[in-house]
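Note sheet for the following structure.
The values are calculated or read from the model by the stated rules, or taken from the named source; none is laboratory data. These figures come from a predicted structure and were not determined experimentally. Glycine also receives a Cβ, built like all others from the backbone with ideal geometry; neighbour counts cover every protein chain displayed.
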Amino acid sequence: MPGCETAKLRNFGMTIGIRDTRKIDALYNLTAADVREQGRFADSIGIFPEFIDGYGLLILPTTGRYFHVPYRALVPRGVGNLIVAGRCIGGDRVSHAAVRNMMCCAVSGQGAGVAAAVSLQRDQAFAAVDVAAVQAELRRQGARID
C-alpha cells in the first residue's frame with residue numbers, strides 16, 4: 001500500500017471472532033436500560049461496569065457506573081437442567097454489547113459455576129435454586145455482587 005512501505009505487523013487476532021451470537025430466552029432478559037441506567041437486581045451474581053462496545057455505541061468503563069448481572073439471566077425459560085454463562089445469557093442487543101466482554105463472561109461463569117454446585121448440593125433445579133446461598137458463596141469467594 002503506498003505510504004505504508006515501512007509499516008510492520010506487530011500483532012493480529014489469533015482467530016476469527018464473531019461478536020454477535022445467539023442468546024437464550026432467559027427467566028429475565030437484560031435490557032439496554034439495565035446496562036445504561038445501572039440496573040439493580042435482588043438476585044445479582046456480580047457486577048459489571050457500564051461498558052458497551054457495539055451497534056454504534058461505545059461507552060468506556062471510566063465513570064464508575066455499573067449494573068448487576070442477575071442470576072435469572074443465566075437460566076433459560078422453559079428448559080430444565082441447563083444454566084448458561086458468557087455471551088449467550090439473556091438480553092437484548094445493547095445489553096449483549098456489554099455482557100459479551102470477556103470480563104463479564106467471567107462474572108457470569110463464576111455465578112453459573114457456584115449455582116451449579118449449590119443446585120447439586122441441595123438437589124434443586126436451576127430455576128428454583130436458593131439464590132441467597134449462591135450469593136453467600138460468591139461473597140465468600142470475594143466476588144462483588146452489590
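Once segment 134-146 is narrowed to residues that are out of contact with any helix residue (DSSP H, G or I) (no Cβ under 7 Å at 6 or more places or on another chain) and assigned to a helix (DSSP H, G or I), the residue that is surrounded by the most Cβ atoms within 10 Å (Cβ to Cβ) is 135. The criterion of being more than 17 Å from residue 48 (Cβ to Cβ), in contact (Cβ under 8 Å) with a residue 60 or more places away in the chain, among the β-branched types (Val, Ile, Thr) and touching a helix residue (DSSP H, G or I) at 6+ places or on another chain (Cβ under 9 Å) holds for residue 131.
Is it true that some residue in segment 75-93 is assigned to a helix (DSSP H, G or I) and either among the hydroxyl-bearing types (Ser, Thr, Tyr) or surrounded by fewer than 20 Cβ atoms within 10 Å (Cβ to Cβ) (or both)? Steps first, answer last, please.
Taking segment 75-93 and keeping what is assigned to a helix (DSSP H, G or I), we get 93.
Of the ones still in play, those that are also either among the hydroxyl-bearing types (Ser, Thr, Tyr) or surrounded by fewer than 20 Cβ atoms within 10 Å (Cβ to Cβ) (or both) are 93.
Yes, segment 75-93 has at least one match.
Here residue 41 meets each of (1) in contact with a Pro (Cβ under 7 Å, 6 or more places away or on another chain); (2) not in a loop (DSSP other than H, G, I, E, B) with one exception, condition (2). Which one is surrounded by the fewest Cβ atoms within 10 Å (Cβ to Cβ), of the residues in segment 49-63 that are outside any strand (DSSP E or B) and in contact (Cβ under 8 Å) with a residue 12 or more places away in the chain? The extreme case among them is 63.
Report yes if residue 21 is touching a Lys or Arg at 6+ places or on another chain (Cβ under 9 Å), surrounded by fewer than 17 Cβ atoms within 10 Å (Cβ to Cβ) and either at pLDDT below 85 or in a loop (DSSP other than H, G, I, E, B) (or both), otherwise no. Walk me through it before giving the result.
Details: touching a Lys or Arg at 6+ places or on another chain (Cβ under 9 Å): yes; surrounded by fewer than 17 Cβ atoms within 10 Å (Cβ to Cβ): yes; either at pLDDT below 85 or in a loop (DSSP other than H, G, I, E, B) (or both): yes.
Judged against the criteria, residue 21 is a match.
Within the bounds of segment 3-18, is there any residue that is surrounded by 11 or more Cβ atoms within 10 Å (Cβ to Cβ) and modelled with pLDDT under 95? So far as segment 3-18 goes, no, none of its residues is surrounded by 11 or more Cβ atoms within 10 Å (Cβ to Cβ) and modelled with pLDDT under 95.
Screening residue 144 on (1) among the charged types (D, E, K, R); (2) without any contact (Cβ under 8 Å) to a residue 60 or more places away in the chain; (3) farther than 15 Å from residue 26 by Cα shows it passes everything except condition (2).
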